[in-house]
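Worksheet: the structure to be examined is printed underneath.
The values are calculated or read from the model by the stated rules, or taken from the named source; none is laboratory data. None of the values given here were measured: they were computed from a predicted structure. No Cβ is skipped: glycine too gets one built from the backbone with ideal geometry, and neighbour counts run over all protein chains shown. Just the protein is used for accessible areas: all its heavy atoms, side chains included, with ligands, DNA and RNA removed. Shrake-Rupley method; radii C 1.70, N 1.55, O 1.52, S 1.80 Å.
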Amino acid sequence: MERGEDRHPDVLPGAAVVDGLRRALARVSGEALGPYQSAVVRIGFAGTWLFFLLREFPHRHELYGPDGPWSRELAERLVAGNHAFTVLLWSGSGWWFELVYGLAVAASALLALGWRTRATSVLFMVGVLSLQNRSVFMGDGGDNVVHLMAMYLVLTRCARVWSLDARRARERGTASAGAAGPVLWGVLGAVLAYGAVSGRLSDGWTAVFAALWTGAALWWLVERYEPEGERRAALDVFANLLHNAGMLVIMAEVCLIYATAGWYKIQGSRWQDGTALYYPLRLDYFSPWPGLSGVLAGSGVVVMLLTYGTVAVQVAFPFTLFNRRVKNVLLAVMMLEHAGIAVLLGLPFFSLAMIAADAVFLPTGLLVWVGVRVAALRGSLRGASPR
């Protein structure tokens, strides 16, 4: 008998890899990963956009309305060329602008609270795209991040925890319980039909909104008439796949933002010699606290450390995802950096948007601990022990 003839391997070559892929696919399709992270991202971006709209409410006509430097005629010419989506150009009347702005505020508040998130996430996206695409030169990097994340959030199941939908599901057995869902679905369907028939919606956007509207109807019907059947299981699998794909895109987007920002900085001479942060600290426009900015700008060592540290953290962050501990340290550093930008340079909404994007990488243990602490605080304020 030759050597090796008595070997009877239990596992065929490559079977371990196939088994691992099978388990990964089962997990990706079987559950919505990162429920706490998606909830924080939802609350963060909806809250950021809400605070921005409320802060700029007295200046809304100059930013996005008829009194802005970017006139309606210029906006129509630009949208005709780039096919961007905005409902503000459906009508030039003042009441239409006020209605769209008010709905954007309401959608942001409702999404932050997690009320009927399948509908409010779409309304949030419509509000963001409509206002930003009406006046494309009014935004900054933070607005671009909000623009992208508003579309990605539509794909996620971001109300599994810390939302009114989650509370309704616990109390009434399903998040779609109540008459508000069908009423909202009917109103939005009428608006969709009007936009499609009148030609105000392009074929592409009509198809997108029709798919979302039809999906919401199917979900409501299945939850009502077959909550434990195969159709519900199939919808869950599809929704989990969309959610996990959306979360993956959000994480990739954050890594891409930091990687491109860091590598572009490396190519700049001011970042190479360590003096880049000196100049914005000396500009009145970016100095809400002139005394503090002057102290920091007056120290060459501090400016150099902050300049090189910013580049190093941004370039290194995507590579730290392979080491959880290092990733958490750099994540805390980046969040503190954005908090410093909000205070020192007077860019609070940009910083809030970036912190909300960074939150997708927060550890689940920390978020659960925060949730427990908040629940305990609420219970103590109500005079009852939290469950």
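Let me confirm something: among Glu73, Glu2, Glu31, which residue is surrounded by 15 or more Cβ atoms within 10 Å (Cβ to Cβ), farther than 25 Å from Ala210 by Cα and modelled with pLDDT under 95?
When all the criteria are applied, what remains is Glu31.
One residue stands out in segment 234-254 among those that are surrounded by 15 or more Cβ atoms within 10 Å (Cβ to Cβ) and not aliphatic (A, V, I, L, M): the one that is nearest to Ala312 (Cα to Cα), namely Glu253. Looking only at segment 283-301, residues that are farther than 11 Å from Val343 by Cβ and surrounded by fewer than 15 Cβ atoms within 10 Å (Cβ to Cβ) come to 11 in all. Does segment 157-179 include one or more residues that are closer than 30 Å to Ser351 by Cβ, touching a Gly at 6+ places or on another chain (Cβ under 7 Å) and either of a type in the set (Lys, Arg) or open to solvent by 60 Å² or more (accessible area, probe 1.4 Å) (or both)? Yes: segment 157-179 contains one or more residues that are closer than 30 Å to Ser351 by Cβ, touching a Gly at 6+ places or on another chain (Cβ under 7 Å) and either of a type in the set (Lys, Arg) or open to solvent by 60 Å² or more (accessible area, probe 1.4 Å) (or both). Does segment 295-302 include one or more residues that are under 22 Å from the mean Cα position of the chain (by Cα) and of a type in the set (Ser, Thr, Tyr)? Within segment 295-302, not a single residue is under 22 Å from the mean Cα position of the chain (by Cα) and of a type in the set (Ser, Thr, Tyr).
Every residue, every condition in (1) closer than 22 Å to Leu241 by Cβ; (2) surrounded by 11 or more Cβ atoms within 10 Å (Cβ to Cβ); (3) among the aliphatic types (A, V, I, L, M), yes or no:
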residue: Gly14; (1), (2), (3): no, no, no
residue: Val17; (1), (2), (3): yes, no, yes
residue: Val40; (1), (2), (3): yes, yes, yes
residue: Phe51; (1), (2), (3): no, yes, no
residue: Tyr64; (1), (2), (3): no, yes, no
residue: Leu78; (1), (2), (3): no, yes, yes
residue: Leu88; (1), (2), (3): no, yes, yes
residue: Ser108; (1), (2), (3): no, yes, no
residue: Ala112; (1), (2), (3): no, yes, yes
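Taken over segment 192-207, the criterion of being hydrophobic (A, V, I, L, M, F, W, C), in a helix (DSSP H, G or I) and surrounded by 15 or more Cβ atoms within 10 Å (Cβ to Cβ) is satisfied by Leu192, Ala196, Trp205. Within segment 257-269, the set of residues being in contact (Cβ under 8 Å) with a residue 24 or more places away in the chain and either loosely packed, with under 14 Cβ neighbours inside 10 Å or small (Gly, Ala, Ser) (or both) comprises Ala259, Ala261, Gly262, Trp263, Ile266. The set of residues in segment 272-294 being touching a helix residue (DSSP H, G or I) at 6+ places or on another chain (Cβ under 6 Å) and more than 22 Å from Ala357 (Cβ to Cβ) consists of Gly274, Ala276, Tyr278, Leu281, Arg282, Ser287, Ser293.
How about segment 63-75: which of its residues are under 26 Å from the mean Cα position of the chain (by Cα) and not aliphatic (A, V, I, L, M)? Residues satisfying the conditions are Tyr64, Gly65.
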